[in-house]
Structure formats: structure tokens, C-alpha cells
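J.: Please read through the structure below; I'll follow up with questions.
The values are calculated or read from the model by the stated rules, or taken from the named source; none is laboratory data. None of these values were measured; they are calculated from a predicted model. Note that we place each Cβ from the backbone using ideal geometry, even for glycine, and neighbour counts take in every protein chain shown.
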């Protein structure tokens with residue numbers, strides 16, 4: 001999938017990836033890849049600045065944990081992040097409905 005298609009939606013994808021519990025960066029990319037059947041391959045140069053931006057906005061909180069003997073920063077959704085995710089889902093659904101209505105063939 002082209003990275004331009006993700007523009008404006010990356011935050012929602014990241015927030016959704018930690019909705020069910022904390023994940024470290026690599027686990028977030030794995031989650032997104034698995035859920036999209038391999039269509040989403042988020043580069044680390046894109047992911048980590050977004051994680052830091054979301055943390056600064058108060059939508060994610062981070063903490064250090066040890067995973068398989070390695071220290072990793074894990075990210076989890078905050079209360080504000082849950083509200084932001086709910087709003088972004090609503091916005092996405094509205095946009096998807098509008099785009100679908102326009103792209104639907106045979107209606108004139």
C-alpha cells in the first residue's frame with residue numbers, strides 16, 4: 001500500500017494497535033502487518049516519530065519493560081487516547097461512507 005494512502009490515518013492505526021494492551025514498537029508494526037494481511041508495512045522512521053508525537057499529545061503513555069531479555073519501550077493507550085481513537089473511528093466511518101457513495105457505480 002502506498003504511504004500516501006496512510007497520510008492522515010497513521011495515528012488512528014497506531015492507537016488501534018495498542019487498544020487491547022501495551023505493545024512495543026516492533027510489536028505494533030507486526031500487529032499492523034498481520035491485521036492488514038501484509039498490506040501495511042510501516043517503516044521505523046515513520047513509526048517512532050508518530051509514537052513520540054502521540055505520547056506528547058497525551059494519547060499514549062510509555063514505559064520500559066523487558067521482553068525476551070531485552071529492554072523495550074512499550075506504549076499503551078491513555079484515557080485521552082481512547083477518546084481520540086473513538087473520534088478518529090467516527091471520522092473514518094463518515095469519510096468511508098462518503099467515498100463509497102461517490103465511487104459506487106451506476107448511480108446518476
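J.: Would you check which residues across segment 23-53 are buried (at least 16 other Cβ atoms within 10 Å of the Cβ) and either closer than 13 Å to residue 73 by Cβ or free of Cβ contacts under 8 Å to residues at least 24 places away in the same chain (or both) and list them?
T.: Once the filter is applied, which keeps residues that are buried (at least 16 other Cβ atoms within 10 Å of the Cβ) and either closer than 13 Å to residue 73 by Cβ or free of Cβ contacts under 8 Å to residues at least 24 places away in the same chain (or both), segment 23-53 yields 23, 24, 25, 27, 28, 29, 31, 32, 47, 51.
For every residue, the table says whether it meets (1) over 17 Å from the mean Cα position of the chain (by Cα); (2) under 14 Å from residue 26 (Cα atoms).
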| position | (1), (2) |
| --- | --- |
| 43 | no, yes |
| 55 | no, no |
| 100 | yes, no |
| 106 | yes, no |
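J.: What tally of residues in segment 54-81 results from selecting those that are assigned to a helix (DSSP H, G or I) and exposed (fewer than 13 other Cβ atoms within 10 Å of the Cβ)?
T.: To start, the set of residues in segment 54-81 that are assigned to a helix (DSSP H, G or I) comprises 54-56, 79-81.
Going one step further and asking which of them are exposed (fewer than 13 other Cβ atoms within 10 Å of the Cβ), we end up with 56, 79.
So the answer is 2.
J.: Separate question: Out of the residues in segment 1-20 that are outside any helix (DSSP H, G or I) and either surrounded by 19 or more Cβ atoms within 10 Å (Cβ to Cβ) or modelled with pLDDT of 95 or more (or both), state the one that is farthest from the chain's Cα centre (by Cα).
T.: Within segment 1-20, the match that is farthest from the chain's Cα centre (by Cα) is 20.
J.: Of the numbered conditions (1) more than 18 Å from residue 96 (Cβ to Cβ); (2) in contact with a helix residue (DSSP H, G or I) (Cβ under 7 Å, 6 or more places away or on another chain); (3) part of a loop (DSSP other than H, G, I, E, B), residue 48 fails exactly one; give the number of that condition.
T.: It fails just one condition, (3).
J.: Quick one: how many residues across segment 82-101 are more than 16 Å from residue 50 (Cα to Cα) and either surrounded by 13 or more Cβ atoms within 10 Å (Cβ to Cβ) or touching a residue at least 12 places away in the same chain (Cβ under 8 Å) (or both)?
T.: Number of matching residues: 4.
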